[in-house]
Structures are given as structure tokens and as C-alpha cells.
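Novice: Shown below is the structure under consideration.
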Amino acid sequence: MEIIRTVSWMKQVAQQSRAENHVVGFVPTMGALHEGHLSLLRRAKAECSRVFASIFLNPTQFGPNEDLSKYPRTFESDVAKLETAGVDVLFAPDPKVIYPPGFSTYVTVEGLSERLEGRSRPGHFRGVATVVLKLFEIVQPHFAFLGRKDAQQARILQRMSLDLNLDVELQICAIMREPDGLALSSRNAYLDADERRAATVLYLALEAACREVGAGIRDALTLQSTTRDVLAKEKRARVDYVEVVDANSFEPVARIGSHPTYILLAVFIGKTRLIDNVLLEPSPDSGDMICSL
Ligand code: AMP
């Protein structure tokens with residue numbers, strides 16, 4: 001695997017791959033790689049002839065009181081995982097390479113960026129959209145593989161790609177979970193043993209909502225309060241939000257059933273903020289709801 005640190009060399013390698021008619025798949029990450037990241041790489045490997053990954057801990061998507069300085073940095077073991085996964089090129093630039101002195105251009109995806117994660121983390125999606133647009137320009141992939149774990153982020157990046165006529169197709173991939181249901185996340189490393197046990201409550205809450213959907217409940221307020229009730233039973237959990245939203249607009253819905261819908265949640269376990277979601281879609285054949293956790 002080639003490790004590239006500069007924009008000019010990365011662009012040259014990207015152009016060469018395109019000139020050789022490769023189908024280029026790209027997986028952007030912030031490092032501290034886990035099985036969730038590896039699942040995206042496996043899919044890229046299956047669908048593309050060259051796979052590029054990036055590790056860039058993007059400072060502009062962290063708020064002043066967030067965890068940038070303590071975010072896990074595990075570069076050596078990340079490189080080993082990427083090698084094993086068969087990644088062809090790792091782009092791992094220094095922040096100064098991405099944001100040189102005088103940098104002053106930012107991308108804002110209006111509307112979608114202001115709700116939910118955007119409301120709790122002002123400026124977060126501006127930082128995400130800006131860095132991902134830059135990475136797409138530098139890496140020039142045909143396909144980018146993103147996790148549904150960050151459903152709002154994936155939707156915002158789809159919107160950006162459409163609005164700015166980008167030549168990259170986004171593939172949204174399933175959420176990888178621990179055996180007890182906790183969604184894999186680099187931030188799980190912050191949890192102590194008691195918090196780790198408590199953190200399964202996010203999954204249990206979404207699972208309870210899915211059971212209600214299975215029993216025929218379609219009212220969003222009922223699903224929301226079921227989810228909140230389960231979360232309330234865990235004393236280490238403090239809810240930031242629980243919302244039932246349309247999967248395209250991310251606007252709240254009153255009833256589920258006719259369009260794809262998410263139940264999205266953000267919960268503090270101790271000081272660690274975790275997010276998770278379930279996608280609810282009407283089955284094209286039976287009209288039953290399919291719950292994808
Ligand atoms: P991050 O390193 O947290 O920026 O994540 C990089 C990519 O991995 C994003 O597209 C995430 O949505 C995705 N990702 C993170 N956790 C998971 C997971 N548990 N399952 C699948 N994809 C994930």
C-alpha cells in the first residue's frame with residue numbers, strides 16, 4: 001500500500017488510475033479504524049478495481065469544546081488493517097496540507113445541516129462538507145463508500161454531490177455492530193466498563209421501537225416515546241435527541257409508512273456522545289415495514 005501525504009502526488013496517482021481505466025472506490029475516515037470502516041473497504045474492494053482510503057482527523061468538524069485533542073490516534077495499527085484489507089493507496093495528509101495559511105473557503109449545505117446533529121454540533125457539517133469536497137477533488141473517485149451510522153452526514157454529502165454536479169456516486173453501507181448491538185464507533189474507546197455495558201441501551205431502545213413497528217404502530221410520537229422510555233431506564237444515559245424523520249428531508253414526520261424514515265438518536269453515556277439509528281422502509285411487495293438496524 002502506498003501512503004501519500006501531499007495533494008499534488010495524490011492527484012497524480014488518482015489521474016493515473018483513471019487513465020488506466022480503473023474504477024476507483026474511496027473510503028474517507030478519521031482513523032482509529034474498526035470493523036465498521038473495514039466493512040466499507042470490503043464493499044469498495046468488491047465493487048471497484050482500485051481502493052483508496054484516507055485518514056484525516058479533520059479539525060474543522062470539531063467544535064471548540066469537543067474531543068479533537070483526545071480523539072484516538074492509532075496510525076500504525078490503522079495502516080496494518082488497511083494493508084490487510086487490500087487498500088491500494090492511503091491518503092494521510094497533515095492538517096496544514098488541507099488547510100494552509102489563508103484558507104477561507106467553506107461549503108454549507110443549507111437546511112439539512114441545521115437540524116439534529118447540526119443543532120447539537122454547530123459548524124460540524126460545514127467542516128464535514130468542506131473536507132469531503134476537498135477529498136473528492138483530490139482523490140477523484142468514481143464511488144465513495146459511507147456508513148449509514150452517520151445517516152445525516154451521508155444525506156448531506158449526497159445533497160452536496162447533487163447540487164455541485166460532482167462525478168462521484170455515494171454508496172451508503174449498513175451499520176456494523178458489536179455482538180450486543182452497540183454500533184461500532186471510534187468513540188466507544190472512551191467508555192469505561194460500566195459505561196460500555198450501559199451503551200447497549202441505544203440499540204435496545206431502537207430495537208423496542210422496531211418491535212412496535214412490527215406490531216403495527218405507525219404513529220411517530222408513540223415510537224419516539226417508546227424509544228425514550230427505554231433510554232430513561234439507563235441512569236448513565238442522557239438523551240440529546242430522539243427524532244423520527246423523513247429519510248430524505250430529515251424533517252420530522254407524524255406517521256411512518258409511506259416513505260423511508262429514520263429513528264435517529266444521540267445520547268450521552270457519561271461524557272461520551274454516541275449516535276445510532278434505524279431505517280424504516282415500506283416493503284415494495286407486502287407493504288410491511290422493514291426495520292434495518
Ligand atoms: P469516521 O472515521 O468516524 O469519520 O467514519 C468513517 C466512515 O465510516 C463514515 O462513513 C462512517 O459512517 C463509517 N462508519 C463509522 N462507524 C460505522 C459502523 N459502525 N458501521 C458502518 N460504517 C461506519
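The values are calculated or read from the model by the stated rules, or taken from the named source; none is laboratory data. What you see is a predicted model; the values in this text were computed from it and never measured. Ideal geometry is used to build each Cβ from the backbone, glycine not excepted, and the neighbour counts take in all protein chains shown. The area values use the complete protein model at the heavy-atom level, side chains included, leaving out ligands, DNA and RNA. Shrake-Rupley method; radii C 1.70, N 1.55, O 1.52, S 1.80 Å.
Novice: Cβ-Cβ below 8 Å, separation at least six or inter-chain, first residue in region 125-147 and within 18 Å of Val13 (Cα to Cα) and among the aromatic types (Phe, Trp, Tyr), second away from the ligand (no atom under 15 Å from the Cβ) and open to solvent by less than 10 Å² (accessible area, probe 1.4 Å): which pairs?
Specialist: Pairs that qualify, where the first residue is within 18 Å of Val13 (Cα to Cα) and among the aromatic types (Phe, Trp, Tyr) and the partner is away from the ligand (no atom under 15 Å from the Cβ) and open to solvent by less than 10 Å² (accessible area, probe 1.4 Å), are Phe143/Val24.
Novice: Still on this model: Suppose we keep only residues that are within 16 Å of the ligand (Cβ to nearest atom) and surrounded by fewer than 20 Cβ atoms within 10 Å (Cβ to Cβ) within region 196-206. Which one would you say is farthest from Ala266 (Cα to Cα)?
Specialist: Looking at the filtered set, the residue picked out is Arg196.
Novice: Please determine whether any residue of region 57-73 is touching a Pro at 6+ places or on another chain (Cβ under 6 Å) and either touching a residue at least 60 places away in the same chain (Cβ under 8 Å) or within 10 Å of the ligand (Cβ to nearest atom) (or both).
Specialist: There is at least one residue in region 57-73 that is touching a Pro at 6+ places or on another chain (Cβ under 6 Å) and either touching a residue at least 60 places away in the same chain (Cβ under 8 Å) or within 10 Å of the ligand (Cβ to nearest atom) (or both).
Novice: Would you check if there is a residue in region 214-223 being within 13 Å of the ligand (Cβ to nearest atom), touching a strand residue (DSSP E or B) at 6+ places or on another chain (Cβ under 8 Å) and either among the hydrophobic types (A, V, I, L, M, F, W, C) or open to solvent by less than 10 Å² (accessible area, probe 1.4 Å) (or both)?
Specialist: No, region 214-223 contains no residue that is within 13 Å of the ligand (Cβ to nearest atom), touching a strand residue (DSSP E or B) at 6+ places or on another chain (Cβ under 8 Å) and either among the hydrophobic types (A, V, I, L, M, F, W, C) or open to solvent by less than 10 Å² (accessible area, probe 1.4 Å) (or both).
Novice: Same structure, new question: Answer with yes or no whether Val87 is within 12 Å of the ligand (Cβ to nearest atom), closer than 30 Å to Leu293 by Cα and of a type in the set (A, V, I, L, M, F, W, C).
Specialist: The answer is no for Val87.
Novice: Continuing with this model, one more query. Please specify each residue of region 240-259 satisfying the condition of being in a strand (DSSP E or B) and either touching an Asp or Glu at 6+ places or on another chain (Cβ under 8 Å) or open to solvent by 50 Å² or more (accessible area, probe 1.4 Å) (or both).
Specialist: Asp240, Glu243, Val245, Pro252, Arg255, listed by residue number.
Novice: So if I check each of Ala32, Ala44, which one is modelled with pLDDT of 95 or more, hydrophobic (A, V, I, L, M, F, W, C) and open to solvent by less than 10 Å² (accessible area, probe 1.4 Å)?
Specialist: Ala44
One line per residue, one yes/no per condition, for (1) under 25 Å from Asn277 (Cα atoms); (2) open to solvent by 30 Å² or more (accessible area, probe 1.4 Å); (3) at pLDDT 95 or above:
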residue	(1), (2), (3)
Ile55	yes, no, yes
Asn58	yes, no, yes
Asn65	yes, yes, no
Gly86	no, no, yes
Phe91	no, no, yes
Ile98	no, no, yes
Val109	yes, no, yes
Leu112	yes, no, yes
Gly127	yes, no, yes
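Novice: Go through region 146-195 residue by residue and tally those that are more than 13 Å from the chain's Cα centre (by Cα) and open to solvent by 40 Å² or more (accessible area, probe 1.4 Å).
Specialist: Residues meeting the conditions: 16.
Novice: Can you say whether Tyr262 is of a type in the set (Phe, Trp, Tyr) and open to solvent by 40 Å² or more (accessible area, probe 1.4 Å), as far as the supplied structure shows?
Specialist: no
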